[in-house]
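Undergrad: Supplied in structure tokens, the structure appears directly below.
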Amino acid sequence: MMKEDNFDQYVRAQFASEAAAPPSHVETAIFNELAAGARRTKLYRLGLGVLIVGIGSAGFFLNQESVTTAIPVQQSPVQVEEVQQVKAQEVEVAASDEQTIGDGTETAVSTVQPRFEEEEAKIANELFETERPQRMERAGAKSMNELGTEPSSQAPALQVESVETWVMPANVTVKE
Amino acid sequence: MDAAEIHIIELCKKGDSSAQRAVYARYSPMMFSVALRYTNTRIDAEDVLQESWIKVFRHIKSFGEHNSFEGWLRRIVVNTAITHYRRNQKHQFQFDIDDVHATPRDIEAFKELDFTKDELAHAIEQLPKGYGMVFKMYVIDGFKHKEIAEELGIDLNTSKSQLSRARKYLQDVLHTMSKRAQKETDSGLQP
């Protein structure tokens, strides 16, 4: 009696060791295609790498430029005002000079600059006057020659003593 | 799998060309025979073989060492052959069920089976395509009904019924062949 399983086993056994040699051109075609695929993969990876490096370096350089760009510093309102005042004075002076000179032998700029320096010197002088002590006493202002001393081994010590000394005025308050 | 086979598969996973050639030399005769069984012409079988090997080497990293490598290769060839068949023929396997007029014949009628491999192959070739596919996949290549149903896009019960009908159809063909051979033998003895 032949059952289904036996029939299947019989058929399977007939085909178990089945083998047929394929033609050689199939092997060549397979390995050529594999090699081409490997090349494509390499190129793809290389391209991807170059793209990533390019994007990265571009981002880096753009970042560098943004860091090194000079940031404009706003001038304070006081400074701007001062500059504007000075410029206004210069313009006024230049205008007055042009009127007085008339013949055009001197330029406005050449006359403005000394005037400005004079102004600065005047201001500095005023400041010195205001800061200078009101009262100053001169003490020991005699030179060695006036004393009639002769040079000796003690000369350096005497010279030191004859150095002019300035005593600055001071307010001394005495507590009771 | 023995250690040498595992080693060579590991080399293939790393893309070693010489290992790939060694694997090809070892398994391509088996794979080509499977391809021939599932295709109509030798040229189709060559196409299936080439496509199968490309798949093998591209997906060999997914192969687990605990499975049978030969079984894995066999399945790849069969799957590729089915895809190739569908692509070329635009054939629906379900259509064959109604077209076939199989003669029911009891398997018990065959007390002895004495056919060569070529005779069996010739008989299987005479099966309608749908029956033939299911029969070859289940009986010869060891697929389960669930796998056949998935591969061919048919119902599980359809796979079972097609196999049953394929067996009966095949035995009818074999019975006819046997009778014809007997007649030829008798006629050869008479003079």
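Undergrad: If you check every pair at least six apart or on different chains, which have Cβ atoms under 7 Å apart with a residue in the stretch A:12-27 that is at pLDDT 85 or above first and a residue that is surrounded by fewer than 12 Cβ atoms within 10 Å (Cβ to Cβ) second?
TA: Qualifying pairs under 7 Å: none.
Undergrad: Let me ask something additional. If B:Cys12 satisfies every condition in (1) more than 9 Å from chain A (Cβ to nearest Cβ); (2) of a type in the set (A, V, I, L, M, F, W, C); (3) without any contact (Cβ under 8 Å) to a residue 24 or more places away in the chain but one, which is the exception?
TA: Result: B:Cys12 fails condition (3) only.
Undergrad: Let me ask something else about it. Of the conditions (1) within 60 Å of the chain's Cα centre (by Cα); (2) within 13 Å of another protein chain (Cβ to nearest Cβ), A:Gln14 satisfies every one except a single condition; which number is it?
TA: Only one criterion in (1) within 60 Å of the chain's Cα centre (by Cα); (2) within 13 Å of another protein chain (Cβ to nearest Cβ) is unmet by A:Gln14, namely (1).
Undergrad: Cβ-Cβ distance below 7 Å, separation of 6 or more or different chains: which pairs start in the stretch B:141-166 with a residue that is within 14 Å of chain A (Cβ to nearest Cβ) and end on one that is assigned to a loop (DSSP other than H, G, I, E, B)?
TA: Taking only residues 6 or more apart or on different chains, the pairs are B:Arg165/B:Val100; B:Arg165/B:Ala102; B:Ala166/B:Leu127.
Undergrad: Just wondering, is there one or more residues in the stretch A:21-36 that are under 58 Å from the mean Cα position of the chain (by Cα) and either more than 26 Å from B:Gly15 (Cα to Cα) or more than 7 Å from chain B (Cβ to nearest Cβ) (or both)?
TA: Yes: one or more hits.
Undergrad: Related question: List every residue pair whose Cβ atoms lie under 7 Å apart, where the two residues are 6 or more positions apart in sequence or sit on different chains, the first residue falls within the stretch B:172-191 and is among the acidic types (Asp, Glu), and the second residue, located anywhere, is at pLDDT below 75.
TA: Partner pairs satisfying both residue conditions: B:Asp172/B:Ala102; B:Asp172/B:Thr103; B:Asp172/B:Arg105.
Undergrad: Same structure, new question: Only one of B:Ala25, B:Ala35 is in a helix (DSSP H, G or I) and surrounded by fewer than 17 Cβ atoms within 10 Å (Cβ to Cβ). Can you tell me which?
TA: B:Ala25
Undergrad: Another question about this same structure. Identify, from the list B:Arg75, B:Arg58, the residue that is more than 12 Å from A:Pro22 (Cα to Cα) and away from chain A (no Cβ under 12 Å).
TA: Exactly one of B:Arg75, B:Arg58 is more than 12 Å from A:Pro22 (Cα to Cα) and away from chain A (no Cβ under 12 Å), namely B:Arg75.
Undergrad: Pull up the stretch B:39-72, narrow it to residues that are in contact with a His (Cβ under 8 Å, 6 or more places away or on another chain) and not charged (D, E, K, R), then point me to the one that is modelled with the lowest pLDDT.
TA: The extreme case among them is B:Thr39.
The values are calculated or read from the model by the stated rules, or taken from the named source; none is laboratory data. Predicted model only: the values in this text are computed from it and were never measured. We place every Cβ from the backbone using ideal geometry, glycine too, and count neighbours over all the protein chains shown.
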